[in-house]
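Participant: First, the structure itself, so that you have it in front of you.
The values are calculated or read from the model by the stated rules, or taken from the named source; none is laboratory data. Everything numeric in this text was worked out from a predicted model, so none of it was measured. In this analysis, Cβ positions are derived from the backbone assuming ideal geometry, glycine residues included, and neighbour counts consider all displayed protein chains. Protein only, heavy atoms only, side chains kept; ligands, DNA and RNA dropped before computing areas. Shrake-Rupley method; radii C 1.70, N 1.55, O 1.52, S 1.80 Å.
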Amino acid sequence: MKIQRACFPCIVRQAINAMELLTSDTTAMEEVLRRTCRLLAEFDTGKSPPELSAQMHREIRDVLQNDDPYRPIKRQMNEIAWTLLSRLRKEVEEANDPLEQAIRFAIAGNVMDFSTFEKVSPEQIQKTVEKVVNEPIIGLDIEQWRHQLDSADQLLYIADNSGEIVLDRLLIEQLAMFLPVTLAVRGGPVVNDVTREDAVFAGVENICSLIDTGVDAPGVIGEMCSENFQRCFQESDLVFAKGQGNFETLQPSEREIYHLFMVKCPVIAQWVQLPQGTFVGKKFLPATDFARK
(Lines give C-alpha, C1' and ligand atoms only; values in the text may rest on other atoms or scores of the structure.)
Protein backbone atom coordinates (compact mmCIF):
# COMPACT_ATOMS: atom_id res chain seq x y z
CA MET A 1 0.00 0.00 0.00
CA LYS A 2 1.46 3.35 -1.03
CA ILE A 3 1.54 6.17 1.47
CA GLN A 4 -1.41 8.58 1.30
CA ARG A 5 -1.50 12.35 1.89
CA ALA A 6 -3.32 11.83 5.18
CA CYS A 7 -0.41 9.71 6.44
CA PHE A 8 1.99 12.67 6.57
CA PRO A 9 0.31 14.65 9.38
CA CYS A 10 -0.22 11.32 11.16
CA ILE A 11 3.53 10.67 11.12
CA VAL A 12 4.16 14.13 12.60
CA ARG A 13 1.58 13.39 15.29
CA GLN A 14 3.27 10.05 16.00
CA ALA A 15 6.64 11.78 16.38
CA ILE A 16 5.23 14.34 18.81
CA ASN A 17 3.33 11.72 20.83
CA ALA A 18 6.36 9.44 20.94
CA MET A 19 8.66 12.13 22.29
CA GLU A 20 6.11 13.30 24.85
CA LEU A 21 5.83 9.70 26.00
CA LEU A 22 9.56 8.94 26.04
CA THR A 23 11.26 12.11 27.30
CA SER A 24 10.81 15.52 28.90
CA ASP A 25 13.82 16.96 27.03
CA THR A 26 12.36 19.75 24.87
CA THR A 27 15.58 20.08 22.87
CA ALA A 28 15.36 16.41 21.91
CA MET A 29 11.69 16.84 21.03
CA GLU A 30 12.44 19.73 18.70
CA GLU A 31 15.30 17.84 17.05
CA VAL A 32 13.10 14.82 16.33
CA LEU A 33 10.40 17.07 14.89
CA ARG A 34 12.91 18.78 12.59
CA ARG A 35 14.28 15.43 11.42
CA THR A 36 10.76 14.11 10.86
CA CYS A 37 9.88 17.08 8.70
CA ARG A 38 13.00 16.48 6.59
CA LEU A 39 11.99 12.85 6.16
CA LEU A 40 8.54 13.91 5.00
CA ALA A 41 10.02 16.29 2.41
CA GLU A 42 12.32 13.62 0.98
CA PHE A 43 10.20 10.46 1.31
CA ASP A 44 9.41 8.41 -1.79
CA THR A 45 5.61 8.45 -2.05
CA GLY A 46 5.69 5.11 -3.83
CA LYS A 47 6.58 3.45 -0.52
CA SER A 48 4.35 2.39 2.37
CA PRO A 49 3.55 4.27 5.62
CA PRO A 50 5.48 1.79 7.82
CA GLU A 51 8.64 2.48 5.79
CA LEU A 52 8.39 6.16 6.74
CA SER A 53 7.54 5.24 10.32
CA ALA A 54 10.63 3.01 10.50
CA GLN A 55 12.86 5.88 9.40
CA MET A 56 11.25 8.25 11.89
CA HIS A 57 11.75 5.85 14.78
CA ARG A 58 15.40 5.37 13.83
CA GLU A 59 15.77 9.13 14.24
CA ILE A 60 14.06 8.97 17.65
CA ARG A 61 16.42 6.22 18.81
CA ASP A 62 19.40 8.19 17.52
CA VAL A 63 18.38 11.43 19.26
CA LEU A 64 17.61 9.64 22.54
CA GLN A 65 20.74 7.46 22.26
CA ASN A 66 18.56 4.50 23.23
CA ASP A 67 18.32 1.39 21.06
CA ASP A 68 14.89 0.46 22.48
CA PRO A 69 13.18 3.40 24.23
CA TYR A 70 9.83 1.58 24.30
CA ARG A 71 11.23 -1.40 26.25
CA PRO A 72 9.58 -0.42 29.59
CA ILE A 73 6.25 0.10 27.81
CA LYS A 74 6.56 -3.24 26.03
CA ARG A 75 7.24 -5.01 29.30
CA GLN A 76 4.19 -3.33 30.83
CA MET A 77 1.97 -4.40 27.91
CA ASN A 78 3.29 -7.97 28.11
CA GLU A 79 2.63 -8.10 31.86
CA ILE A 80 -0.90 -6.69 31.49
CA ALA A 81 -1.73 -9.23 28.78
CA TRP A 82 -0.19 -12.03 30.86
CA THR A 83 -2.65 -11.33 33.70
CA LEU A 84 -5.48 -12.08 31.24
CA LEU A 85 -3.96 -15.22 29.73
CA SER A 86 -5.21 -17.92 32.11
CA ARG A 87 -8.79 -16.66 32.11
CA LEU A 88 -8.90 -16.22 28.34
CA ARG A 89 -7.36 -19.67 27.76
CA LYS A 90 -10.12 -21.15 29.91
CA GLU A 91 -12.71 -19.32 27.80
CA VAL A 92 -11.09 -20.68 24.63
CA GLU A 93 -11.10 -24.24 25.97
CA GLU A 94 -14.76 -24.00 27.02
CA ALA A 95 -16.00 -22.26 23.85
CA ASN A 96 -18.24 -24.01 21.33
CA ASP A 97 -15.52 -23.34 18.76
CA PRO A 98 -12.10 -22.87 20.45
CA LEU A 99 -10.41 -21.89 17.17
CA GLU A 100 -12.87 -19.06 16.51
CA GLN A 101 -12.65 -17.86 20.10
CA ALA A 102 -8.85 -17.77 19.91
CA ILE A 103 -9.04 -15.80 16.64
CA ARG A 104 -11.30 -13.26 18.35
CA PHE A 105 -8.96 -12.78 21.30
CA ALA A 106 -5.94 -12.48 18.99
CA ILE A 107 -7.65 -9.73 16.99
CA ALA A 108 -8.67 -7.97 20.22
CA GLY A 109 -4.99 -7.86 21.18
CA ASN A 110 -4.36 -5.61 18.18
CA VAL A 111 -5.54 -2.66 20.30
CA MET A 112 -2.09 -2.64 21.97
CA ASP A 113 -0.57 -0.29 19.42
CA PHE A 114 1.40 2.84 20.33
CA SER A 115 1.78 3.85 16.67
CA THR A 116 -1.96 4.50 16.44
CA PHE A 117 -3.06 5.16 20.02
CA GLU A 118 -1.38 7.66 22.34
CA LYS A 119 -1.82 5.33 25.30
CA VAL A 120 -3.31 1.92 25.98
CA SER A 121 -4.76 1.25 29.43
CA PRO A 122 -5.55 -2.09 31.07
CA GLU A 123 -9.21 -1.01 31.03
CA GLN A 124 -9.08 -0.36 27.28
CA ILE A 125 -7.56 -3.78 26.65
CA GLN A 126 -10.17 -5.49 28.82
CA LYS A 127 -13.00 -3.57 27.13
CA THR A 128 -11.78 -4.55 23.65
CA VAL A 129 -11.43 -8.21 24.64
CA GLU A 130 -15.00 -8.22 25.97
CA LYS A 131 -16.32 -6.40 22.90
CA VAL A 132 -14.75 -8.71 20.32
CA VAL A 133 -16.41 -11.79 21.80
CA ASN A 134 -19.79 -10.75 20.37
CA GLU A 135 -18.79 -8.43 17.52
CA PRO A 136 -18.79 -9.63 13.90
CA ILE A 137 -15.36 -10.38 12.45
CA ILE A 138 -15.50 -9.15 8.86
CA GLY A 139 -14.40 -11.84 6.42
CA LEU A 140 -14.13 -14.64 8.97
CA ASP A 141 -15.23 -17.98 7.50
CA ILE A 142 -14.20 -20.38 10.24
CA GLU A 143 -15.04 -23.54 8.32
CA GLN A 144 -13.00 -22.38 5.34
CA TRP A 145 -10.08 -21.61 7.66
CA ARG A 146 -10.37 -25.02 9.31
CA HIS A 147 -10.41 -26.77 5.93
CA GLN A 148 -7.26 -24.95 4.81
CA LEU A 149 -5.52 -25.68 8.10
CA ASP A 150 -6.36 -29.37 7.69
CA SER A 151 -4.88 -29.50 4.18
CA ALA A 152 -1.72 -27.40 4.76
CA ASP A 153 1.73 -28.50 5.95
CA GLN A 154 3.28 -25.25 7.20
CA LEU A 155 1.94 -21.91 8.50
CA LEU A 156 3.77 -18.60 8.91
CA TYR A 157 2.30 -16.29 11.57
CA ILE A 158 3.59 -12.71 11.35
CA ALA A 159 3.18 -10.99 14.71
CA ASP A 160 2.61 -7.29 15.37
CA ASN A 161 2.86 -5.80 18.87
CA SER A 162 4.16 -6.61 22.32
CA GLY A 163 1.37 -7.47 24.74
CA GLU A 164 -0.65 -8.57 21.75
CA ILE A 165 1.80 -11.46 21.34
CA VAL A 166 0.57 -12.93 24.63
CA LEU A 167 -2.97 -13.14 23.23
CA ASP A 168 -1.56 -14.41 19.93
CA ARG A 169 -0.28 -17.37 21.92
CA LEU A 170 -3.85 -18.55 22.43
CA LEU A 171 -4.36 -18.68 18.66
CA ILE A 172 -0.95 -20.21 17.97
CA GLU A 173 -1.77 -22.99 20.45
CA GLN A 174 -4.92 -23.76 18.45
CA LEU A 175 -3.16 -23.55 15.08
CA ALA A 176 -0.37 -25.85 16.27
CA MET A 177 -2.98 -28.58 16.74
CA PHE A 178 -3.40 -28.60 12.95
CA LEU A 179 0.13 -28.08 11.61
CA PRO A 180 3.62 -26.73 12.42
CA VAL A 181 3.69 -22.95 12.95
CA THR A 182 6.56 -20.51 12.42
CA LEU A 183 6.23 -17.19 14.21
CA ALA A 184 7.91 -14.12 12.69
CA VAL A 185 8.75 -11.09 14.84
CA ARG A 186 10.47 -7.79 13.97
CA GLY A 187 14.17 -7.84 13.23
CA GLY A 188 14.85 -5.01 15.66
CA PRO A 189 13.11 -2.65 18.10
CA VAL A 190 10.60 -0.20 16.62
CA VAL A 191 7.79 1.43 18.62
CA ASN A 192 6.21 -1.30 20.78
CA ASP A 193 6.32 -3.92 18.02
CA VAL A 194 7.11 -7.48 19.01
CA THR A 195 10.72 -8.69 19.06
CA ARG A 196 12.28 -11.99 20.12
CA GLU A 197 12.42 -10.74 23.70
CA ASP A 198 8.64 -10.30 23.77
CA ALA A 199 8.00 -13.65 22.07
CA VAL A 200 10.17 -15.42 24.65
CA PHE A 201 8.28 -13.65 27.45
CA ALA A 202 5.02 -14.98 25.98
CA GLY A 203 6.48 -18.49 25.88
CA VAL A 204 5.62 -19.03 22.23
CA GLU A 205 9.01 -20.55 21.42
CA ASN A 206 7.77 -23.66 23.24
CA ILE A 207 4.91 -24.22 20.77
CA CYS A 208 6.27 -22.97 17.43
CA SER A 209 9.44 -22.09 15.54
CA LEU A 210 10.67 -18.51 15.87
CA ILE A 211 12.28 -16.29 13.22
CA ASP A 212 12.53 -12.54 12.62
CA THR A 213 12.06 -10.39 9.53
CA GLY A 214 15.61 -9.08 9.62
CA VAL A 215 14.50 -5.43 9.58
CA ASP A 216 13.45 -2.89 12.24
CA ALA A 217 10.25 -1.80 10.53
CA PRO A 218 6.64 -1.96 11.81
CA GLY A 219 5.63 -4.16 8.89
CA VAL A 220 7.05 -6.52 6.28
CA ILE A 221 9.17 -4.67 3.71
CA GLY A 222 9.89 -7.56 1.37
CA GLU A 223 13.10 -6.44 -0.32
CA MET A 224 14.62 -5.46 3.04
CA CYS A 225 13.74 -8.70 4.85
CA SER A 226 16.27 -11.46 5.44
CA GLU A 227 16.60 -14.33 2.97
CA ASN A 228 15.46 -16.69 5.71
CA PHE A 229 12.22 -14.77 6.22
CA GLN A 230 11.59 -14.36 2.48
CA ARG A 231 12.07 -18.08 1.93
CA CYS A 232 9.67 -18.93 4.78
CA PHE A 233 7.13 -16.44 3.44
CA GLN A 234 7.21 -17.99 -0.03
CA GLU A 235 7.32 -21.63 1.05
CA SER A 236 4.66 -21.61 3.79
CA ASP A 237 1.31 -22.98 2.67
CA LEU A 238 -0.55 -20.42 4.78
CA VAL A 239 0.39 -16.93 5.99
CA PHE A 240 -1.42 -15.20 8.86
CA ALA A 241 -0.47 -11.52 9.34
CA LYS A 242 -1.51 -9.49 12.39
CA GLY A 243 -2.11 -5.75 12.48
CA GLN A 244 -2.30 -2.72 10.21
CA GLY A 245 1.45 -2.38 9.65
CA ASN A 246 1.63 -5.85 8.16
CA PHE A 247 -1.48 -5.11 6.10
CA GLU A 248 -0.03 -1.84 4.77
CA THR A 249 3.24 -3.44 3.71
CA LEU A 250 1.87 -6.75 2.40
CA GLN A 251 -1.11 -5.56 0.34
CA PRO A 252 -1.49 -5.99 -2.52
CA SER A 253 0.43 -9.27 -2.47
CA GLU A 254 1.47 -11.90 -4.97
CA ARG A 255 0.19 -14.61 -2.65
CA GLU A 256 -2.84 -15.41 -0.53
CA ILE A 257 -2.65 -13.97 3.01
CA TYR A 258 -4.99 -14.09 6.00
CA HIS A 259 -5.03 -10.65 7.66
CA LEU A 260 -6.26 -10.17 11.22
CA PHE A 261 -6.50 -6.61 12.53
CA MET A 262 -8.60 -3.82 13.95
CA VAL A 263 -9.32 -0.88 11.62
CA LYS A 264 -7.68 2.03 13.46
CA CYS A 265 -7.27 4.95 11.08
CA PRO A 266 -9.23 6.78 8.34
CA VAL A 267 -6.81 5.76 5.57
CA ILE A 268 -7.24 2.04 6.26
CA ALA A 269 -10.98 2.53 6.83
CA GLN A 270 -11.26 4.02 3.34
CA TRP A 271 -9.03 1.32 1.82
CA VAL A 272 -11.09 -1.56 3.20
CA GLN A 273 -14.39 0.38 3.08
CA LEU A 274 -15.19 -0.32 6.72
CA PRO A 275 -15.67 1.97 9.75
CA GLN A 276 -12.86 2.57 12.22
CA GLY A 277 -13.07 0.09 15.09
CA THR A 278 -14.13 -2.79 12.82
CA PHE A 279 -12.51 -6.18 13.45
CA VAL A 280 -11.20 -7.90 10.32
CA GLY A 281 -10.20 -11.54 9.85
CA LYS A 282 -10.16 -12.05 6.10
CA LYS A 283 -8.36 -14.07 3.47
CA PHE A 284 -6.96 -11.70 0.84
CA LEU A 285 -6.41 -13.22 -2.57
CA PRO A 286 -3.29 -12.50 -4.67
CA ALA A 287 -3.04 -9.00 -6.19
CA THR A 288 -6.46 -7.93 -4.93
CA ASP A 289 -7.53 -5.47 -2.28
CA PHE A 290 -10.40 -5.61 0.16
CA ALA A 291 -12.43 -2.94 -1.60
CA ARG A 292 -12.58 -4.94 -4.81
CA LYS A 293 -13.63 -8.10 -3.01
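Participant: Helix 26-42 versus the longest principal axis of the chain: what angle, 0 to 90°, nearest 10, using Cα atoms?
Facilitator: So the helix axis and the longest Cα principal axis differ by about 70 degrees.
Participant: List, in order, the whole-Hz ³J(HN,Hα) value for each residue of region 239-252 obtained from phi through the Karplus relation with A = 6.51, B = -1.76, C = 1.60 and θ = phi - 60°; use x for Gly and Pro.
Facilitator: Result, ordered by residue: 10, 10, 10, 8, x, 5, x, 5, 5, 5, 8, 9, 10, x Hz.
Participant: Something else: Let me make sure I get this right: for region 144-293, a, b and c are the square roots of the gyration tensor eigenvalues over alpha carbons, sorted descending. Under 1.5 in a/c it's rounded, otherwise prolate if a/b > b/c, else oblate. Which is it?
Facilitator: It comes out rounded by the Cα gyration axes.
Participant: Can you tell me which of Pro189, Pro218, Pro136 moves the most in a GNM of the chain? Springs connect C-alpha atoms under 10 Å apart.
Facilitator: Pro136
Participant: Can I ask one more? Under 5 Å between amide hydrogens, which residues at least 5 positions from Phe284 or on another chain qualify, with H placed 1.01 Å from N in the peptide plane?
Facilitator: It is Ile257, Tyr258, His259, by chain and number.
Participant: So if we plug the beta-carbon distance of Lys2 and Asp237 into 1/(1 + (r/R0)^6) with R0 = 30 Å, what FRET efficiency do we get, rounded to 0.05?
Facilitator: My answer for the efficiency is 0.55.
Participant: So for the pair Ser24, Arg87, with labels modelled 7 Å out along Cα→Cβ, what separation do we get in nm?
Facilitator: Each label point is offset 7 Å from its Cα along the Cβ direction, giving 3.4 nm.
Participant: Related question: Lys and Arg at +1, Asp and Glu at -1: add these up for the other residues within a Cβ distance under 12 Å of His57 and post the number.
Facilitator: -3
Participant: Let me ask you something else. Which percent of the accessible heavy-atom area of region 140-238 goes to carbon and sulfur, probe 1.4 angstrom?
Facilitator: Taking all protein chains in place, region 140-238 shows 46 percent carbon and sulfur surface.
Participant: Same structure again: Taking only protein heavy atoms into account and a 1.4 Å probe, give the accessible area per residue of the chain in Å².
Facilitator: Per residue, the chain has 43 Å² of solvent-accessible surface.
Participant: Here is a follow-up. Provide the net charge surrounding Leu155, with neighbours chosen by a C-beta distance below 14 Å and charges set as Lys +1, Arg +1, Asp -1, Glu -1.
Facilitator: Neighbourhood net charge equals -3.
Participant: In whole Å, what is the distance between the alpha-carbon centres of region 160-234 and region 119-147?
Facilitator: Cα centroid to Cα centroid, the span is 20 Å.
Participant: To the nearest 10 degrees, how steep is helix 142-151 against the longest Cα principal axis of the chain, on a 0 to 90 scale?
Facilitator: 80 degrees
Participant: Still on this model: Just to check I understand the Karplus step: with θ = phi - 60° and J = 6.51 cos²θ - 1.76 cosθ + 1.60, what whole-Hz values come out for region 168-176, glycine and proline as x?
Facilitator: Using θ = phi - 60°, the values come out as 4, 4, 4, 6, 4, 4, 5, 5, 5 Hz.
Participant: Moving on. With +1 assigned to the C-beta of every Lys and Arg and -1 to the C-beta of every Asp and Glu, and no other charges, what is the dipole magnitude of the chain about the Cα centre in debye, to the nearest 20?
Facilitator: For this selection, approximately 640 debye.
Participant: Length gain on complete extension for the stretch Ala41 to Glu79, per 0.36 nm per residue less the alpha carbon to alpha carbon distance?
Facilitator: Full extension of this stretch gives 9.8 nm more.
Participant: Suppose accessible area is computed on protein heavy atoms with a 1.4 Å probe; arrange Lys282, Lys2 from highest to lowest.
Facilitator: Descending accessible area places them as Lys2, Lys282.
Participant: Here's something else I'd like to know. Among Met77, Cys10, Tyr258, whose Cα sits farthest toward the positive end of the charge dipole of the chain (+1 at Cβ of Lys/Arg, -1 at Cβ of Asp/Glu, about the Cα centre)?
Facilitator: Cys10
Participant: Mind checking which of Ile103, Ile80, Ile158 has the largest fluctuation in a GNM of the chain, springs on alpha carbons under 10 Å?
Facilitator: Ile80
Participant: Using a 1.4 Å probe, how large is the accessible area of Val133, given in Å² and rounded to the nearest 10?
Facilitator: Approximately 50 Å² for this residue.
Participant: Another question about this same structure. List the pairs from Lys47/Lys283; Lys2/Lys282; Lys242/Lys283; Lys74/Lys283; Lys90/Lys131; Lys131/Lys283 whose alpha-carbon separation is above 19 Å, in the order I gave them.
Facilitator: The pairs that break the limit, which is 19 Å between Cα atoms, are Lys47/Lys283; Lys2/Lys282; Lys74/Lys283; Lys131/Lys283.
Participant: Each residue of region 262-273 in order: what ³J(HN,Hα) in whole Hz does its phi give by Karplus 6.51 cos²θ - 1.76 cosθ + 1.60, θ = phi - 60°, with x for Gly and Pro?
Facilitator: Per residue, the Karplus-derived 3J(HN,Hα) values read 9, 6, 10, 9, x, 5, 5, 4, 5, 4, 8, 6 Hz.
Participant: With each run of n ≥ 4 DSSP H residues scored as -39500 (n - 2.57), what mean residue ellipticity at 222 nm is computed for the chain after dividing by its residue count and rounding to the nearest 500 deg cm²/dmol?
Facilitator: So the helix-based figure for the chain works out to -16000 deg cm²/dmol.
Participant: What is the set of long-range amide H partners of Tyr157 at a cut-off below 5 Å, with H atoms built 1.01 Å from backbone N?
Facilitator: Thr182, Leu183, Ala184, Phe240
Participant: Related question: What angle, in degrees between 0 and 90 and rounded to the nearest 10, separates the Cα long axis of helix 7-22 from the longest principal axis of the Cα atoms of the chain?
Facilitator: 80 degrees
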